[in-house]
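The values are calculated or read from the model by the stated rules, or taken from the named source; none is laboratory data. Computed from a prediction, not measured in an experiment: that's the story for all the values here. Counting neighbours? That spans all protein chains shown, and the Cβs are built from the backbone with ideal geometry, glycine included.
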Ligand SMILES: Cc1cc2nc3c(=O)[nH]c(=O)nc-3n(C[C@H](O)[C@H](O)[C@H](O)COP(=O)(O)OP(=O)(O)OC[C@H]3O[C@@H](n4cnc5c(N)ncnc54)[C@H](O)[C@@H]3O)c2cc1C
């Protein structure tokens, strides 16, 4: 039986994060644009210092790289707290807890780590992730058309990518390229590509439902030195290591944080708002919506914590992490939707954060592996089917 | 990428009621049709684009007694007060990212932001790079 009781140490960390979100971040948001995703630099610097003092900066970085050594269960609990503010889903705490490097970089060579991993940990560089293309994102092994051809010590890369968040501001990206067209998954390699490389071009910013846009990229005769091949040639997908799958668990819990806050707001409102002579909270139709909210939140939390617990104990957790992503994300979407219904007209307005979460949670069912792909992963495990079939 | 609409002079021929009260983005130009400000009517703008445009041109026209300015909107920037002559806008519910897109495009083409945005106290998120310029580059439009 899994024990979900919170230890004193976990409680201390959660309380610190909660206080920062409620007492620092939420008041600042009152003066920001309802769709803002960054803080004024002076405020950000001030809060980063506070987080460093708490010992929680760069929470996602393993201890051997100087991180604070937060285990995956605690990290999942913290994720629920971090997102409990307007911008929380896609900009939890506006990044004042630091941005860990992409997990693939832990598999880099020492030279690559020096140039890319450490500067990200120090907050000097940022990265984008270049997998999806116009030809598709769910099944990249078949869809990737961007082509790399070896030329002496270099690779010459032509093609393009779509949906790359942050590529216009990033210093480099991890870009998946077809280096052997005769092979499927084994024909894809990952490259570290500096955005200043000649031939790299941001074609346009792609506007989506949330305020933070994505990009469309083109690569024309981009010459990349062999030293920038990440992992082995043809081993691009092998880089999707355990660390990366583990990160999916707190990512899923982030959606729950938003749902918890929406639910709290809806409960307060239901108690205050009177119609036909009684508070909404006295009506069974509303009570059932609130109960369904609670069920979705608890189900999502259990799914996330079970996945985190297995990962923490070193047991297989692929099925459970996909389930956590699916259950928490879809459940959070329903919670926000019901909460908006309880607020009536106010739920639709930009005076409240609900409409923003509603839009952003819709994206969550596509990004980081769409719901259908999570089901495909789970079905493979259930039926013992090899990946790629 | 930039707003693809011709500049409209702000004068008495405008039927103010046709200016949308919706969220969106707008550009303000001087009498030579050079962009001096790229703005947005956000989820907090009391009268949407109409209000933001009224604020920019506030002391320049007779509004037939109409007032679409709210105390919460503050004062127009000095450069706008002195030089605003033309405007163009786009209704857009994703006004925030569209605003960043137009600022990014301008910044890439001209190597700097419009004068009004440089004067403005609103913090602009870190702008990215396209690594290429449009034919508007250097024309300031
Ligand atoms: C806001 C946003 C940010 C993003 N950021 C990034 C990023 O930074 N880097 C990056 O590389 N990508 C990014 N993506 C891309 C994202 O990962 C892809 O959109 C996603 O993987 C789906 O790929 P697709 O859009 O090509 O849909 P497709 O692969 O064409 O799939 C279309 C639909 O069919 C479903 N489907 C696919 N196969 C099956 C099947 N076998 N059975 C049933 N249903 C199926 C999918 O789930 C999806 O709903 C981002 C996307 C968005 C919207």
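For this structure, a couple of remarks:
- Test: residue in segment B:58-68 that is closer than 21 Å to residue A:32 by Cβ and surrounded by fewer than 23 Cβ atoms within 10 Å (Cβ to Cβ): no
- Subset tally (residues that are farther than 15 Å from residue B:37 by Cβ and crowded, with 20+ Cβ neighbours inside 10 Å) for segment B:101-113: 4
- Against the test of being within 14 Å of chain A (Cβ to nearest Cβ) and farther than 30 Å from residue A:168 by Cβ, the options B:9, B:46 yield a single qualifying residue, B:46.
- Looking across segment B:12-32, the residues that are surrounded by 12 or more Cβ atoms within 10 Å (Cβ to Cβ) and more than 26 Å from residue B:121 (Cβ to Cβ) come down to B:14, B:16.
- Only one entry of A:362, A:334 meets the criterion of being part of a helix (DSSP H, G or I), within 11 Å of the ligand (Cβ to nearest atom) and surrounded by 15 or more Cβ atoms within 10 Å (Cβ to Cβ), and that entry is A:362.
- Restricted to segment A:168-273, the set of strands (runs of 3 or more DSSP E) holding at least 1 residues that are under 23 Å from residue A:122 (Cα atoms) and within 26 Å of the chain's Cα centre (by Cα) comprises A:172-178, A:188-194.
- Selection count, segment A:114-142, where residues are more than 12 Å from the ligand (Cβ to nearest atom), within 19 Å of the chain's Cα centre (by Cα) and not in a loop (DSSP other than H, G, I, E, B): 3
- When residue A:261 is tested against (1) more than 14 Å from chain B (Cβ to nearest Cβ); (2) surrounded by 19 or more Cβ atoms within 10 Å (Cβ to Cβ); (3) in contact with a helix residue (DSSP H, G or I) (Cβ under 7 Å, 6 or more places away or on another chain); (4) closer than 30 Å to residue A:301 by Cβ, just one condition goes unmet, and that condition is (3).
- Failed condition for residue A:93, given (1) away from the ligand (no atom under 13 Å from the Cβ); (2) out of contact with any helix residue (DSSP H, G or I) (no Cβ under 9 Å at 6 or more places or on another chain); (3) at pLDDT 95 or above: (2)
- Pairs, first on the phi > 0 side of the Ramachandran plot and buried (at least 23 other Cβ atoms within 10 Å of the Cβ) in segment A:187-208, second part of a strand (DSSP E or B) and modelled with pLDDT of 95 or more, C-beta under 8 Å, six or more apart: none
- Residues being at pLDDT 95 or above, in contact with a helix residue (DSSP H, G or I) (Cβ under 8 Å, 6 or more places away or on another chain) and either in a loop (DSSP other than H, G, I, E, B) or within 11 Å of the ligand (Cβ to nearest atom) (or both) - total across segment A:375-389: 1
- Selection count where residues are farther than 20 Å from residue A:92 by Cβ and touching a helix residue (DSSP H, G or I) at 6+ places or on another chain (Cβ under 6 Å), scope segment A:327-347: 6
- The listed residue being away from the ligand (no atom under 12 Å from the Cβ) and either within 25 Å of residue A:113 (Cα to Cα) or assigned by TED's automatic domain parsing to the domain that holds residue A:374 (or both), out of A:151, A:180: A:151
- Test: residue in segment A:213-232 that is within 14 Å of chain B (Cβ to nearest Cβ), more than 12 Å from the ligand (Cβ to nearest atom) and under 26 Å from residue A:90 (Cβ atoms): yes
- Verdict on residue B:116 being crowded, with 21+ Cβ neighbours inside 10 Å, away from chain A (no Cβ under 14 Å) and in contact with a helix residue (DSSP H, G or I) (Cβ under 9 Å, 6 or more places away or on another chain): yes
- Some residue of segment B:83-90 being more than 9 Å from every other protein chain (Cβ to nearest Cβ) and part of a helix (DSSP H, G or I): yes
- In segment A:349-368, the residues that are at positive phi reach residues that are more than 9 Å from the ligand (Cβ to nearest atom) and part of a helix (DSSP H, G or I) with C-beta atoms within less than 8 angstrom, at least six apart or across chains, in these pairs: A:368/A:248; A:368/A:251; A:368/A:325.
- Residue A:352 fulfils the conditions (1) away from the ligand (no atom under 16 Å from the Cβ); (2) over 16 Å from residue A:248 (Cα atoms); (3) away from every other protein chain (no Cβ under 14 Å) except for a single criterion, (3).
- Scanning segment A:189-200 for residues that are away from every other protein chain (no Cβ under 14 Å) and either within 12 Å of residue A:222 (Cα to Cα) or in contact with a helix residue (DSSP H, G or I) (Cβ under 6 Å, 6 or more places away or on another chain) (or both) yields A:190, A:191, A:192.
- The set of residues in segment A:146-167 that are in contact with a strand residue (DSSP E or B) (Cβ under 6 Å, 6 or more places away or on another chain), part of a loop (DSSP other than H, G, I, E, B) and surrounded by fewer than 19 Cβ atoms within 10 Å (Cβ to Cβ) comprises A:165, A:166.
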